[in-house]
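Working notes, structure below.
Please treat every number below as a calculation from the coordinates, not as lab data. Just so we're clear, the structure is a prediction, and the values are computed from it rather than from any experiment. All Cβ positions, glycine included, derive from the backbone under ideal geometry; neighbour counts span all protein chains shown.
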Amino acid sequence: MTLAELPTAVGRRVTDPRPLAKDVSAEFDQMSGRTVVSALDMTTRELFDLFSVAARLQSGVTATDALHGTIVLTAFFEPSTRTRLSFESAAHRLGASVISIPDAEHTSVDKGESLADTGIMFDAYADIVVLRHFADSVIEDIRAHGMTTPLINGGNGRREHPTQAIADWYALVKWRPQLAERCTGGDRLSLGILGAPRRMRSLRSFLLMGARHFCTSVRDITIISDDPQPLDDEVAALLDQQRIEYRCTTEFAANAPEFDVIYQNSLGLEGHKYRELEPKYRVDSSTALKPGAVVMHPLARHDELGTDLDDTPHNLYFDQAAGAVFVRQALLLAISGRRDALGNEI
Ligand code: CP
């Protein structure tokens, strides 16, 4: 029996992460002090090491005092439920202290302070910073002014959401563990992407990470969007470079039964606000889904994703959100250089 065949309980996919908890390589240590801006900022080995550590933590292994004395700052200049709270939960579970900016109105940026000066304060007050901001260039801008503290991109404008991508692919590997072994033939996945990755950062990082690390496991990708140019040059070039077959279409219903994975995301940046950009594409129990297919969504959801899928085996979106705390714990351990923290259990 594969993990994909495990039964579901109360509509939530039950996947036992323990088989993923393999040995962690010395490359884990190379992430010490790292700033993570992009889904491309780690090697395949480093990514799988993060999955292994996350799987052990999700299996119940604890590292309660690993980051005792470390201060994690969550600086969110844009609303968040999952990213901020799961990072804070991850930090607390590792014994770190957490200081937090829940929104721009609670900072002196609201009084006109520059991002440069704000970054200098971050250096003075924290050991690791998780930053979310509506500006695409926020990481480059804050770094250009000399901030040196390890920084994790919690979502920058339309560009990237790399730790969402780690949580997404972790959820997929739990669902289909053979992804970690590089699939061939019938195991390869057909992906349906609902929305325009060019302006939806979770989709963008998901594709970048998939193209870089899982190219042999992907049979083809279909981008479904009414945007005439749904892909930007960087994503298109990487898909081409990795020889991943992809096409763009406006038609969802007729293509839905082909997909092993449907990634739905209707929220994109418009001005400084996130809005539903493609509400015409809805996934719910009336969608002709392939048997065994999974539906992914970074959440928050609106009408584009029916709650009537919640109690079905197609629901992988709650797994994405629940697993995020463990991959973020793994990332905090890696950036802090604490591979030793779980002793012989890692
Ligand atoms: N997935 C995600 O980024 O959710 P939040 O906006 O709630 O953090």
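Observations, loosely collected:
- For the chain, size of Cβ-based charge dipole, Lys and Arg +1, Asp and Glu -1, in debye: 520
- Between Gln264, Gln178, Gln329, the GNM of the chain built on Cα springs shorter than 10 angstrom shows Gln178 fluctuating the most.
- Phi-derived couplings, Karplus 6.51 cos²θ - 1.76 cosθ + 1.60 at θ = phi - 60°, listed residue by residue for the stretch 157-167: x, 8, 7, 8, 9, x, 6, 5, 5, 4, 5 Hz, with x used for Gly and Pro.
- Average Cα contact separation per residue, the chain, under 8 Å, 6 or more apart, as relative contact order %: 22
- Residue-averaged [θ]222 nm for the chain, counting only DSSP H segments that reach four residues, each worth -39500 (n - 2.57): -9000 deg cm²/dmol
- Anisotropy class of the stretch 164-321 from Cα gyration tensor, a/c 1.5 cut: rounded
- About its Cα centre, the dipole of the stretch 47-94 is roughly 100 debye, where the only charges are +1 on Lys and Arg Cβ and -1 on Asp and Glu Cβ.
- Percent of Cα pairs in the stretch 258-346 per distance bin of 10 Å, from zero to the largest separation: 15, 35, 24, 18, 8, 0.
- Cα-based Lys pair tally, the chain, threshold under 29 Å, eight or more apart or on separate chains: 4
- Percent breakdown of C-alpha pair distances by 20 Å bin, ordered from the shortest bin, for the chain: 32, 59, 9
- Over all projection directions, the Cα-based convex hull of the stretch 102-164 averages an area of 4.2 nm².
- Charge dipole magnitude, Cβ of K and R +1, D and E -1 - the stretch 195-346, Cα centre, debye nearest 20: 520
- Relative to one another, the C-alpha centroids of the stretch 25-98 and the stretch 112-128 are positioned 21 Å apart.
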